[in-house]
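Any read-out appearing in this document is the output of simple, stated calculations on the displayed coordinates, not a laboratory observation. Fair warning: this is a prediction, and the values are worked out from it, not measured in the lab. Cβ placement follows ideal geometry from the backbone for every residue including glycine, while neighbour counts extend to all protein chains displayed.
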Amino acid sequence: MSELKVGVLGARGRMGSESVRAIEVAEGLSLVAAIDADDPLEALTDAGAEVVVDFTNPAAVMDNLRFCVAHGIHAVVGTSGFDDARIDEVRAIAAESPEVGVLIVPNFSIGAVLMMRFAQIAAPYFESVEIVELHHPAKVDAPSGTATRTAAMIAEARREAGSGPVPDATTTDPLGARGAVVDGVHVHAVRSRGLVAHQEVLFGDLGETLTIRHDSVHRESFMPGVVAGVRGVGARPGVTVGLDTVLGLD
Ligand SMILES: NC(=O)C1=CN([C@@H]2O[C@H](COP(=O)(O)OP(=O)(O)OC[C@H]3O[C@@H](n4cnc5c(N)ncnc54)[C@H](OP(=O)(O)O)[C@@H]3O)[C@@H](O)[C@H]2O)C=CC1
Ligand SMILES: O=C(O)C1=N[C@H](C(=O)O)C[C@H](O)C1
C-alpha cells in the first residue's frame, strides 16, 4: 500500500519541528513538504501532499486552510484561536469541497482530551467552576485553545443540566483579577519559564472541591494524537472539532 503524503505548515516552530520528526518515523506516512512562513503554499501541491498538519499561528491559519480545502488537501489543525465564529467560518470554507476533511484539535495530548472529558462529566454536579491554564512564556495567545474548548464543553453540560450562573459576589474588579469569562466560566492564564502546557479545572460545591489537572511536560505528548489525526482525517469529510472521535471516545 502506498504511503500517505503529509505536509507540515510551521515546520520550523516548536510544534511543527516535533511533528516533522514524528511523521518521518510513523509507519505508512511520508513527509513530502516542510513549510514555514517564507515558503509558498504551492510547495504542498507540487509535492502532492494529501494531508497537512498546521501548527502556525492564529493570524496565518485561515489562509492556509482556504488553500488546502481549495486544492483537495485534508487538514489537521493544531493552531489555536478557533472560537465558535471561526469554526463556522471553516465550515463555510469546507462546504466548497465536501470531500475534504478538516480536523481542528485544540489539544492533541491524550491526557488533555481526557481532562476535558472528565471536566464535562463533572460540570453538572458542582455549583462553581474555574479554569487555570498555565503555559510557557513564548505562547502568543491567551486564553489557550484548550481552556476555551474546556469552557465551552463545561458550559454546554451546565446548560443541559439546567445549572444557573456560577456564584460570584464580585462587584468591584478594576484590574481584572477575576480573569476572562469564556462561556460563563472564569479563565485565568499563567505564563512562566519552566512550563510547557498545563491546565487545572477547579470545581466546588458545599464542603468539597474537585481539581482535575493535566500536565504536558514535553511536546512529544502531542505526537501520538497528531499521527492519529493524520491517519484519521481523510475518513472524516467536513469539519470535526476535537480528537475524541478519532480516539473512539464518541
Ligand atoms: N493543538 C495542540 O495540541 C497544540 C497547539 N499548539 C498551537 O500551535 C500553534 C504553534 O505553536 P508553536 O509551535 O509553539 O509556535 P511557534 O511560534 O514555535 O511555531 C509557529 C511556526 O509557524 C511559522 N509560520 C508563521 N506563519 C506561517 C505561515 N503563514 N505559513 C507557514 N508557517 C508559518 C512560524 O514561522 P516564523 O517564526 O518565521 O514566523 C513558526 O515557525 C499555536 O497556535 C499553539 O497554541 C501548540 C501546542 C499544542
Ligand atoms: O501554545 C501552546 O504551547 C499550546 N497551545 C494549545 C492551546 O492553546 O491550548 C495546546 C496546548 O495547550 C499547548
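A few notes on this one:
- Protection proxy ranking for 162-169, 240-247, using the average of other Cβ atoms within 10 Å per residue and placing the highest first: 240-247, 162-169.
- Counted charge near Val132, where neighbours are those whose Cβ lies closer than 13 Å (Asp, Glu -1; Lys, Arg +1): -1
- Each Cα pair under 8 Å and six or more residues apart adds its sequence gap; the mean of these over the residue count of the chain is a relative contact order of 23 percent.
- The phi-based Karplus calculation (6.51 cos²θ - 1.76 cosθ + 1.60; θ = phi - 60°) puts the 3J(HN,Hα) values of segment 153-158 at 5, 5, 4, 5, 5, 5 Hz, whole numbers, x for Gly and Pro.
- Positive-pole candidate from Met1, His198, Val227, dipole of the chain, charges at beta carbon: His198
- Cα gyration tensor shape of segment 110-216, rounded if a/c is under 1.5, else prolate or oblate by comparing a/b with b/c: oblate
- Residue ranges 21-33, 226-238 sort as 226-238, 21-33 when ordered by packing (mean number of other C-beta atoms within 10 Å per residue, highest first).
- Cβ-Cβ FRET estimate between His218 and His71, R0 fixed at 30 Å, reported to 0.05: 0.35
- Helix 14-25 vs. the chain, principal-axis angle (Cα, 0 to 90°, nearest 10): 50
- Between the beta carbons of Glu96 and Glu160, assuming R0 = 25 Å, the FRET efficiency works out to 0.15 to the nearest 0.05.
- Backbone geometry of segment 109-115 corresponds, through the Karplus equation with coefficients 6.51, -1.76 and 1.60 at θ = phi - 60°, to 3J(HN,Hα) couplings of 6, 4, x, 5, 4, 5, 4 Hz, x marking Gly and Pro.
- Two-site FRET efficiency, Leu175 against Asp141, from Cβ-Cβ distance with R₀ of 25 Å, rounded to 0.05: 0.75
- Label zone at Glu127, where the point sits 7 Å out along the Cα-to-Cβ direction: segment 151-195 residues whose backbone N lies under 12 Å: 164-169
- Taking 0.36 nm per residue of sequence separation and removing the Cα-Cα distance, the Thr211/Glu89 pair yields an extension gain of 40.5 nm.
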